[in-house]
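Inspection log for the structure reproduced underneath, given as structure tokens.
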Amino acid sequence: MPHYSPSRWAAICIGIAAAIHFALGFCIEFSVDEAHYALYAQHLAWSYFDHPPLVGWIQWPLIQITSTEGIIRIIPELLWVISAYLVFQVTVEVHHLLQGRNNSYLTSALPAASNCGLMAVLAIIAAPLPHILAIGLLPDSLLAPLSLGLMMMALRWHRQAQFQLRDWLITGILLGLAGLSKYTGVFAAFALLLAFLSAPQKRLFAQSGFWLTVLIASLCITPVLYWNWLNDWASFKYQIAHGGGSTWAWRRVAAFLGIQIACFGPLMLLGAWMFLKNCLHHPRLPLLALLGFFAIPFAIFAALSGGGGLPHWTTPAWFCLAPFVGIGLAKAWSIHQRLFIRALLIIQVGLCLLGFGFVLAGGISGGAGKSNPIADLYGWKLAGSRAAELAATHGVAGIAVQNWTLGSRAAWYTSPLPVFILDQRQDQFDLWSGKLTPGANVLLINWSGMSFDSPTGSKPGFERCDPLEHLQIDRFGRNLSHFDFSLCHNWQN
């Protein structure tokens, strides 16, 4: 690439992707998870029913001054930029580790560190799913840069003669923040321990700094432990059940692997294979331990996928694999295996751009719900505003929906009205709004993308529900979905 250095090109590519994320962030409404975690910031607590608190805490300052989605989304966009930058830096450090052990084969054949870093960044930019986390804040958006930070500390452990006090302090803080981000941050902690133990001559457990790190990390996660102690360990019980999923089946594992390839791209697989084939030489043990930042969480999620799971759970693991992918791709490029790399890069980036276009257009079909998942990103702001007006007109106790995934948007866009979930599943809304009292009247919102029968004629249920309004959501002349508002009387529990 003429005129600019590889590091400059990496910065340019990151900047272009970030600009697209920023523009798109102002064009769509909150997804179900975004709204749910934004509500965390509105209801500050030591922890929450389904996740640790950092995803809410980090949004609190912005949400105090604005409710504009595009402004609030600056947080995940910055986290993605930081993650991409760390991918480049970790790639350079892995490159130095490879060359620093007097490996004559690699010293003469390994491409320049900056070329490897550029390839790693391009692999991340060409992966479709991380762009979703770059626009919508999820716990995984936080865990990705923290996992890369821990990976950087593992590399410092191998490259330095000894850890300084500052290194132990940083490692403890990173571990603590990972624990405050998501419970699966423990997988990164296991990977870090494995990387430390792969240098047995340093006698990890005999170093006082190690125990200082453990103490700092433990202190950081005390809010989570304290909240769960007060709430009968509800979050841990929920996560254990959620991770276990339903009946285990091999077909789900096969589907999980196929979805992972689609979400993160075959370019990742190509780069990983080229690294294992051409670059996994001395020092083999530290390199294998560093690969644990990918292998440990990915293997666990793959095993759990037989009972169910979500594709974005592995995102931090793929970010940690990207440095090895970059070195592998740069190696393949240096030996003139360029056509396949170019083709995959162009195809994947094209698919990402096509996906952005579909989101802006409102999807590819005229249906709603599962037939057009993009319809979920439009109409909730208008529906929430109208629901708040109807609730005030009829003087009801609050808003009701029949599933928590509907409750998040309803609660965000009708705030500060209480939102009640009519199913019998325990969730965060039980802590925020409580249960409906017998005899209460509410405004019921029913969305066509997840429609339910009228909650009458049984207990729990209402004595009657009277239809009020029908609201149709259109985009560029196409109907995406519709909302039905009903006035429901006399809750009977």
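How much length is gained on full extension from Leu215 to Ala241, taking 0.36 nm per residue of separation minus their Cα-Cα distance?
Details: separation 26, 0.36 × 26 = 9.36 nm, distance 2.90 nm.
Gain on stretching Leu215 to Ala241: 6.5 nm.
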Diffing the stretch 339-349: the Karplus 3J(HN,Hα) column from phi (6.51, -1.76, 1.60, θ = phi - 60°), in whole Hz with x for Gly and Pro, holds 4, 5, 5, 4, 4, 5, 5, 5, 4, 5, 5
Note, ³J(HN,Hα) from phi for the stretch 88-97, Karplus 6.51, -1.76, 1.60, rounded to Hz, x at Gly and Pro: 4, 5, 5, 4, 4, 5, 5, 4, 5, 5
Take the Cα gyration tensor of the stretch 374-492, multiply each eigenvalue by 5, square-root it, and list the three semi-axes largest first, rounded to whole angstrom. 22, 15, 14
Using modelled backbone amide H atoms (1.01 Å from N, in-plane), which distant-in-sequence or interchain residues come within less than 5 Å of Leu310's amide H? none
Pop out the ³J(HN,Hα) list for the stretch 416-426 in order, Karplus 6.51 cos²θ - 1.76 cosθ + 1.60 with θ = phi - 60°, rounded to Hz; leave Gly and Pro as x. x, 5, x, 10, 10, 9, 8, 6, 9, 7, 6
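Provide the packing ranking of 461-474, 86-99, i.e. peptides ordered by the mean count of other C-beta atoms within 10 Å per residue, highest first.
Working: 461-474: 15.1, 86-99: 22.1.
The densest-packed peptide leads the list: 86-99, 461-474.
About the Cα centre of the chain, what is the dipole size in debye to 20, counting +1 per Lys and Arg Cβ and -1 per Asp and Glu Cβ, all else neutral? Mind showing how you got there, number by number?
On the way: 27 positive and 21 negative charges, 385 e Å.
Magnitude of the dipole: close to 1840 debye.
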Sequence-distant residues sharing a close amide H with Asp474 (under 5 Å, placed H): Leu480
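Would the stretch 70-226 count as rounded, prolate or oblate if I go by the C-alpha gyration tensor, calling it rounded below 1.5 in a/c and otherwise prolate when a/b exceeds b/c, oblate otherwise?
Values: a/c = 2.59, a/b = 1.05, b/c = 2.46.
Note, shape of the stretch 70-226 comes out oblate.
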Built amide H within the under 5 Å cut-off of Gln492, gap 5+: Gly439, Gly461, Phe462, Glu463
I'd like the distance between the alpha-carbon centres of the stretch 420-493 and the stretch 380-400, rounded to an integer number of Å. 11
Cα centroid separation, the stretch 292-307 to the stretch 315-369 (Å): 22
Between Arg342 and Leu285, what is the label-to-label distance in nm when each label sits 7 Å out along the Cα-to-Cβ direction? 4.4
Please sort 213-222, 46-55 by packing, taking for each peptide the average over its residues of neighbouring beta carbons within 10 angstrom, highest first. 46-55, 213-222
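For Gln337, what charge total do you get from the other residues with a beta carbon under 14 Å from its beta carbon, if Lys and Arg give +1 and Asp and Glu give -1?
Numbers: positive: Lys277, Lys331, Arg338, Arg342; negative: none.
Residues close to Gln337 contribute a combined charge of +4.
For every helix of n ≥ 4 consecutive DSSP H residues, a contribution of -39,500 (n - 2.57) applies; sum these over the chain, divide by its total residues, and give [θ] at 222 nm rounded to the nearest 500 deg cm²/dmol. Display every interim value, and only then the final one.
On the way: 24 runs with 301 residues, N = 493.
That calculation yields -19000 deg cm²/dmol at 222 nm.
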Dipole of the stretch 6-360, positive direction: furthest Cα of Ser147, Gln99, Thr171, with charges on the beta-carbon: Gln99
Can you tell me the orientation of helix 139-159 relative to the chain, as the angle in degrees between its alpha-carbon axis and the longest Cα principal axis, to the nearest 10? 20
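Please compute the net charge surrounding Thr414, taking Lys and Arg as +1 and Asp and Glu as -1 over other residues with Cβ under 12 Å from its Cβ.
Values: positive: Lys381, Arg386, Arg409; negative: Glu389.
Net of charged neighbours comes to +2.
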Out of Ser334, Ala302, Trp211 - ranked by how far each Cα lies towards the positive end of the dipole of the stretch 6-360, with unit charges on the beta-carbon of charged residues - the top one is Ser334
Within the stretch 459-480, backbone nitrogen closer than 13 Å to the virtual label 7 Å beyond the Cα of Gln492 toward Cβ: 459-465
Only Lys, Arg (+1) and Asp, Glu (-1) charged, at Cβ; the stretch 236-351 dipole about Cα centre in debye: 140
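Sort 309-315, 15-21, 322-328 for me by packing, meaning the mean count of neighbouring Cβ atoms within 10 Å per residue, highest on top. Don't jump to the answer; show the numbers that get you there.
Working: 309-315: 20.4, 15-21: 16.0, 322-328: 30.3.
The peptides rank, most packed first, as 322-328, 309-315, 15-21.
May I ask for the Rg/Rh ratio of the stretch 6-360, computed from Cα atoms with Rh as the Kirkwood radius, given to two decimals? Before the final figure, lay out each step's value.
Details: Rg = 20.2 Å, Rh = 21.0 Å.
A ratio of 0.96.
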If the reach is capped at under 19 angstrom between alpha carbons, list the lysines near Lys237, excluding any in the same chain fewer than eight residues apart. Lys182
Can you give me the relative contact order of the chain as a percent, contacts being Cα pairs under 8 Å and 6 or more apart? 17
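Which whole-number percentage describes the relative contact order of the stretch 339-420, with Cα contacts under 8 Å and a sequence gap of 6 or more? Intermediate results must be reported in sequence, preceding the final value.
Details: 59 pairs, mean separation 16.2, N = 82.
Relative CO of the stretch 339-420 lands at 20 percent.
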Positive-end residue, the stretch 165-287 charge dipole about Cα centroid, Cβ charges, pick of Val186, Ala234, Gly258: Gly258
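Grab the beta carbon distance between Lys277 and Gln64, set R0 = 45 Å, and tell me the FRET efficiency rounded to 0.05. Let's see the in-between values first.
Details: r = 52 Å, r/R0 = 1.15.
That pair, Lys277 with Gln64, gives E of 0.30.
No value in this document is a laboratory result; all are computed from the given coordinates. Just so it is clear, the model here is predicted, and its values are computed rather than measured. Cβ atoms come from the backbone with ideal geometry, glycine included; neighbour counts cover every protein chain shown.
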